[in-house]
Amino acid sequence: MKVLLTGSEGYIGTVLQPLLRLAGHDVTRLDALFFQGCAVTPLSDAADVIANDIRDLTRADLTGFDAVVHLAGLSNDPLSELAHELTWDINHRAAVSLAQMAKDAGVSQFVFSSTCSVYGYSGEDFLTENSPLNPLTVYAKSKLAAEREIGTLADTAFFVTHLRHGTAYGASPMTRFDLVVNNFVAWSNATGKVHLKSAGNAWRPLVHVEDIGRSFVAALNPVRAQASQRVFNIGVTTDNMRIIDLAEIVAEEMDASVEFGPGAEPDHRSYRVSADNALQHLPGFNPQWSVRAGIREIAQQIRDNGFSVDDVEGARLGRIAHLKWLLKEGRIDPNLRWPATKESASVLESS
């Protein structure tokens, strides 16, 4: 199929691109390019990327595609806290508009990157796609709202799949270090200590970035006899872990000790998620990675590049830090758009 991949130059997108092509798809890449220059390993030719903001797309931009795989957005809870209204604008309103334009343009499949954060706080029981939803953050609420509205567009000619992926980890050309596994490994490699910023009580469903990519490839092979809208939790059910238990595993793999940062408090986002439905009903989805293997992989990438804690927490490899740097330098404006002036960038910085 001819596939439009939004957010193609991000953490998941740069891993997903070659998987889609390996599956035989013709991939067109689209990205706002906020993080250009932040790659850990070389990216594909930037000249092949359509540099555009999903808020600015038109129906004409969607014409001729068979499928849209929609990754673009403000990508986690802390990043969404940078600006609440922008999170709603990008993660919710722009996503719904994109889906509507895709349907109007004759696109037959729309795959939406959602999140297990929609479950919020749910105790000790394993959650399925039919479990109650309890989003606690702007990020999770915006994703759930987008799921619900995009789902209303689904019909026999417009096939919608929502993939609620767990907490990602692992190496990518655009590795993020604001993710718990990657961050733990980076700290332990640099300091000999696994640094917890919370009390470690919360549960998280962990899933390797490459396995997330595999779920999107699998979603493009729908069984047409099924419903026109599907929702899947994406992860490995046995890789649900409490943060403190994950810290102990990283410490064991990295020959490090565990320490709690100042003011470490309980994390109210805690959920255990079953991914068994995807294994049974998402044809072709077959996760390959374990958490321990992912720890070793990201440790090797960190060592190969000589990253320090300052690097992984800094403006090149830290997503929030990088956006704040772009704002401070006047590269983007307060609405996260190119180009901007230093005068306009100061508005958000001082708010």
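The values are calculated or read from the model by the stated rules, or taken from the named source; none is laboratory data. Just so it is clear, the model here is predicted, and its values are computed rather than measured. Because the Cβ atoms are built from the backbone with ideal geometry, glycine has one as well, and the counts that use them run over all protein chains shown. Accessible surface is based on the protein model in full, side chains and every heavy atom, while ligands, DNA and RNA are left aside. Shrake-Rupley method; radii C 1.70, N 1.55, O 1.52, S 1.80 Å.
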Being in a helix (DSSP H, G or I) and open to solvent by 10 Å² or more (accessible area, probe 1.4 Å) narrows it down to one residue among 148, 176; which is it? 148
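Residue under question is residue 97, and the condition is that it be among the hydroxyl-bearing types (Ser, Thr, Tyr), out of contact with any His (no Cβ under 7 Å at 6 or more places or on another chain) and closer than 22 Å to residue 277 by Cβ; does it hold? Reasoning before the result, please.
Values: among the hydroxyl-bearing types (Ser, Thr, Tyr): yes; out of contact with any His (no Cβ under 7 Å at 6 or more places or on another chain): yes; closer than 22 Å to residue 277 by Cβ: no.
Spelling it out, it is not the case that residue 97 is among the hydroxyl-bearing types (Ser, Thr, Tyr), out of contact with any His (no Cβ under 7 Å at 6 or more places or on another chain) and closer than 22 Å to residue 277 by Cβ.
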Every residue in segment 7-48 that is surrounded by fewer than 19 Cβ atoms within 10 Å (Cβ to Cβ) and either among the hydroxyl-bearing types (Ser, Thr, Tyr) or closer than 12 Å to residue 71 by Cα (or both), please. 28, 41, 44
Quickly run through segment 198-214 and pick out the residues that are open to solvent by 20 Å² or more (accessible area, probe 1.4 Å), closer than 18 Å to residue 271 by Cα and not hydroxyl-bearing (Ser, Thr, Tyr). 199, 201, 203
Assuming residue 111 fulfils every condition listed in (1) among the β-branched types (Val, Ile, Thr); (2) open to solvent by 30 Å² or more (accessible area, probe 1.4 Å); (3) touching a Ser or Thr at 6+ places or on another chain (Cβ under 6 Å) apart from one, which condition is it? (2)
Answer residue from segment 238-265, given it is open to solvent by 30 Å² or more (accessible area, probe 1.4 Å) and touching a Ser or Thr at 6+ places or on another chain (Cβ under 7 Å) and is farthest from residue 136 (Cα to Cα) among those: 264
Tally, over segment 6-43, of residues that are assigned to a loop (DSSP other than H, G, I, E, B), more than 18 Å from residue 338 (Cα to Cα) and out of contact with any Ser or Thr (no Cβ under 9 Å at 6 or more places or on another chain): 4
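Quick one: is residue 45 at pLDDT below 95 and of a type in the set (D, E, K, R)?
yes
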Residue 329 more than 25 Å from residue 119 (Cβ to Cβ), modelled with pLDDT under 95 and among the acidic types (Asp, Glu): yes
